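The values are calculated or read from the model by the stated rules, or taken from the named source; none is laboratory data. Quantities reported herein were computed from a predicted structural model and do not represent experimental measurements. Quick reminder, even Gly has a Cβ in these numbers, built from the backbone with ideal geometry, and neighbours come from all protein chains shown. Accessible surface is based on the protein model in full, side chains and every heavy atom, while ligands, DNA and RNA are left aside. Shrake-Rupley method; radii C 1.70, N 1.55, O 1.52, S 1.80 Å.
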Amino acid sequence: MRYWLVMPAAGIGRRFGAGRPKQYAILRGRTVIEWALAPFLGDRRCAGAVVALAAHDPYWPDIAPAGVIAAAGGAERSHSVRNALAALSGRAQPHDWVLVHDAARPCLPVRDLDSLLSRLEGHPLGGLLAAPAADTLKRDDGEGEVAQTVERAGLWRALTPQMFRYAPLCEALDRAHEARRLPTDEAQALEWLGHRPALIEGSAVNIKITSGADLALAAAWLQSAAESSE
Ligand code: C5P
């Protein structure tokens, strides 16, 4: 089993508002992106890693781990992912697995990475980690009132890593961009071509940092993970 890691890290974090992009916020003494990279950089199955960065990113050079390839970020997340995939051209084979993991997700449990890899090893297409929706879901009417309660059964929150084969993933993103469509995750680009990515249940602790409150939650989780491994 061998895979390549692609990490979109070119967001500039307009919503986060901490003076620096959220992937460079400090969490238990390291940046969020260092935590996000850690499970992969210590994994013998990872053949190589590419990180997509914003132009003139001043933070990356200080923390760049040896051997990680830097690619130019794009206007949207899917463009950043596509640019990072292009940097693997000539290295990755068409059938190779690629794992795409957000730089803003510092709490991926190693057991979730293992279950994604083992569940999808022989799969023809690939899939993603996801968590079943836990709350009752409401759709608003645009005026701050409930228009509808959405049936929760069968709804999942898409997480990362998302795991697909190199050539079909490149093609799906190219087709989406040619049609001027912006998938918000890799699975959606493949769904638009009629594919059905596999849902692999992952832990809800694998949060995406969006606000300062998320940083506190991530810190608490990382602390308890460190204590339980002592
Ligand atoms: O903004 P959002 O939380 O959806 O970003 C998810 C991931 O995509 C983050 O790691 C962010 O840095 C990355 N991203 C990117 N290029 C963009 C926008 C977001 O690599 N243009």
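Can you tell me the FRET efficiency between Ala226 and Ser115 if r is taken as the Cβ-Cβ distance and R0 is 22 Å, rounded to the nearest 0.05?
Once the sixth-power term is evaluated, E becomes 0.55.
Which order do peptides 75-88, 193-206, 165-178 fall in by mean Cβ count within 10 Å, highest first?
The peptides rank, most packed first, as 75-88, 165-178, 193-206.
In what order, largest first, do Thr210, Thr160, Thr184, Thr149 sit by accessible area if the probe radius is 1.4 Å?
So, going from the largest accessible area down, we get Thr184, Thr149, Thr210, Thr160.
For Glu201 and Ala75 in the same chain, what is the full-extension length gain: residue separation times 0.36 nm, less their Cα-Cα distance, in nm?
42.3 nm
When DSSP beta bridges are limited to those with both residues in the range 78-230, what percentage is antiparallel, rounded to the nearest 5?
Once the DSSP bridges in the range 78-230 are tallied, antiparallel ones form about 75 percent.
Could you state, as a whole-number percent, how many of the C-alpha pairs of the range 64-180 are farther apart than 16 Å?
Tail of the P(r) past 16 Å holds 71 percent of the pairs.
Over the range 1-151, average the accessible area per residue using a 1.4 Å probe and give it in Å², no decimals.
On a per-residue basis, the range 1-151 sits at 50 Å².
Once neighbouring chains are kept in place and the probe is 1.4 Å, which whole percent of the accessible area of the range 1-117 is contributed by carbon and sulfur?
50 percent
Quantify how much of the Cα-Cα distance distribution of the range 3-229 extends past 24 Å, in percent.
Within the range 3-229, distances greater than 24 Å cover 45 percent of Cα pairs.
Nearest 0.05, what FRET efficiency do Ala38 and Lys138 give at R0 = 41 Å with Cβ-Cβ as r?
After rounding to 0.05, the efficiency reads 0.65.
Multiply the residue separation of Glu151 and Ile63 by 0.36 nm, subtract the distance between their alpha-carbon atoms, and state the gained length in nm to one decimal.
27.3 nm
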